[in-house]
């Protein structure tokens with residue numbers, strides 16, 4: 001998935017998280033993976049055969065639930081003439097709404113981030129989302145190593161996630177200015193200590209970058225010549241040595257050096273999501289702090305900017321987890337809207353439904369629920385703006401979240 005697909009990635013992750021926690025009554029939940037080249041009519045025919053086979057299930061409840069789930073899945077597939085470019089994933093099943101006996105059949109469809117490689121059908125007591133999870137794993141994983149004679153930092157960069165995996169200190173004393181033979185002995189001792197340190201670093205690097213993470217590229221940096229001595233001395237595992245894509249001069253080693261590596265390796269990491277997010281947040285912060293800057297933050301001001309078509313790029317924190325509820329009176333058509341934390345949407349739905357309509361006094365409503373990211377994406381599409389979801393787990397993401405988790409850079413001041 002490209003770095004520009006942050007909203008799509010957010011939606012897939014969110015749905016996977018929701019479906020992972022759902023459990024059916026017996027083996028009643030259907031998971032279906034359709035490759036891009038498999039004709040839709042063949043997939044429907046396969047499900048029709050499964051529907052007939054399900055007729056042999058002894059339990060009336062289980063049989064009805066499985067057949068209803070298959071029927072809903074087939075109905076959804078009929079909306080497609082051909083599978084999307086990456087295929088199609090459908091989940092369908094009867095899930096309880098208020099204890100046993102309250103099951104309602106639901107269906108979800110996902111256009112996966114990577115092509116489905118084979119047709120898969122599973123009927124189980126849970127949805128099989130593990131193949132989708134595999135698709136979300138980043139193909140490019142970079143190992144970061146920032147070293148000098150005092151310490152070394154090792155980090156893993158994958159997508160929008162940067163992890164400091166290991167920090168080692170050398171324990172080597174500083175250089176001496178003593179003259180004579182004692183100085184030469186001191187230097188030989190220091191060289192032995194440095195060699196021992198390099199060997200330790202090599203062993204830890206193998207554990208972090210080969211055994212645990214299988215990195216696809218290495219970026220090495222640090223102040224002074226230590227990094228070059230380490231690489232030329234052959235202390236790095238031969239597989240990692242072949243994967244070194246950049247060696248950079250830094251002002252720091254250790255933990256700070258890892259951050260500096262990410263900053264300075266922009267050309268190498270240009271397709272990594274974390275780097276793109278840093279640029280987006282830094283531009284937003286620059287505009288917010290500039291006199292008359294082209295940025296706004298807070299949900300009301302961002303929505304206003306979208307409605308006036310002045311918003312250019314809308315940023316949303318990935319853990320905002322807000323929902324918008326639109327309630328329309330069935331009797332007179334009067335509408336009301338509330339935006340609430342997702343954890344409170346059930347209570348808010350009940351409160352909206354029990355509050356008499358301001359126009360006619362009725363308490364019968366149609367309520368439509370949408371994730372806030374979907375709402376912002378729809379508004380942005382109408383005015384040619386773009387929505388970017390920012391990871392809250394990064395340093396920049398944490399800074400952005402302090403502005404309420406919703407912000408936008410503007411085309412102009414309206």
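The values are calculated or read from the model by the stated rules, or taken from the named source; none is laboratory data. No experiment lies behind these values; they were computed from the predicted model shown. Counting neighbours? That spans all protein chains shown, and the Cβs are built from the backbone with ideal geometry, glycine included.
Here are a few things to note about the model shown:
- Count of region 329-345 residues which are touching a residue at least 12 places away in the same chain (Cβ under 8 Å) and either part of a strand (DSSP E or B) or closer than 14 Å to residue 372 by Cα (or both): 10
- Residue 155 being in contact with a strand residue (DSSP E or B) (Cβ under 7 Å, 6 or more places away or on another chain), surrounded by 17 or more Cβ atoms within 10 Å (Cβ to Cβ) and not in a helix (DSSP H, G or I): yes
- Boolean, residue 245 is in contact with a helix residue (DSSP H, G or I) (Cβ under 7 Å, 6 or more places away or on another chain) and either at pLDDT 95 or above or more than 21 Å from residue 194 (Cβ to Cβ) (or both): no
- Hits in region 143-163 (condition: touching a helix residue (DSSP H, G or I) at 6+ places or on another chain (Cβ under 7 Å) and within 23 Å of residue 194 (Cβ to Cβ)): 143, 144, 145, 146, 147, 148, 149, 151, 152, 153, 154, 155
- Residue in region 248-256 that is under 14 Å from residue 198 (Cβ atoms) and surrounded by 15 or more Cβ atoms within 10 Å (Cβ to Cβ) present: yes
- Failed item, numbered, when residue 272 is tested on (1) surrounded by fewer than 20 Cβ atoms within 10 Å (Cβ to Cβ); (2) in contact with a helix residue (DSSP H, G or I) (Cβ under 9 Å, 6 or more places away or on another chain); (3) modelled with pLDDT under 95: (1)
- Test: residue 12 is in contact with a strand residue (DSSP E or B) (Cβ under 7 Å, 6 or more places away or on another chain), crowded, with 16+ Cβ neighbours inside 10 Å and in contact (Cβ under 8 Å) with a residue 60 or more places away in the chain: yes
- Close contacts from region 235-255, counting a first residue that is on the phi > 0 side of the Ramachandran plot and assigned by TED's automatic domain parsing to the domain that holds residue 217 and a second that is surrounded by fewer than 13 Cβ atoms within 10 Å (Cβ to Cβ) and at pLDDT 95 or above, with Cβ to Cβ under 6 Å and a gap of 6+ residues or different chains, come to none at all.
- Qualifying positions in region 81-136 - within 16 Å of residue 61 (Cβ to Cβ) and either within 26 Å of the chain's Cα centre (by Cα) or touching a residue at least 12 places away in the same chain (Cβ under 8 Å) (or both): 93, 94, 95, 96, 100, 103, 105, 123, 125
- Hey, residue 373 modelled with pLDDT of 90 or more, in a helix (DSSP H, G or I), under 19 Å from the mean Cα position of the chain (by Cα) and in the same structural domain as residue 316 (by TED's automatic domain parsing) or not: yes
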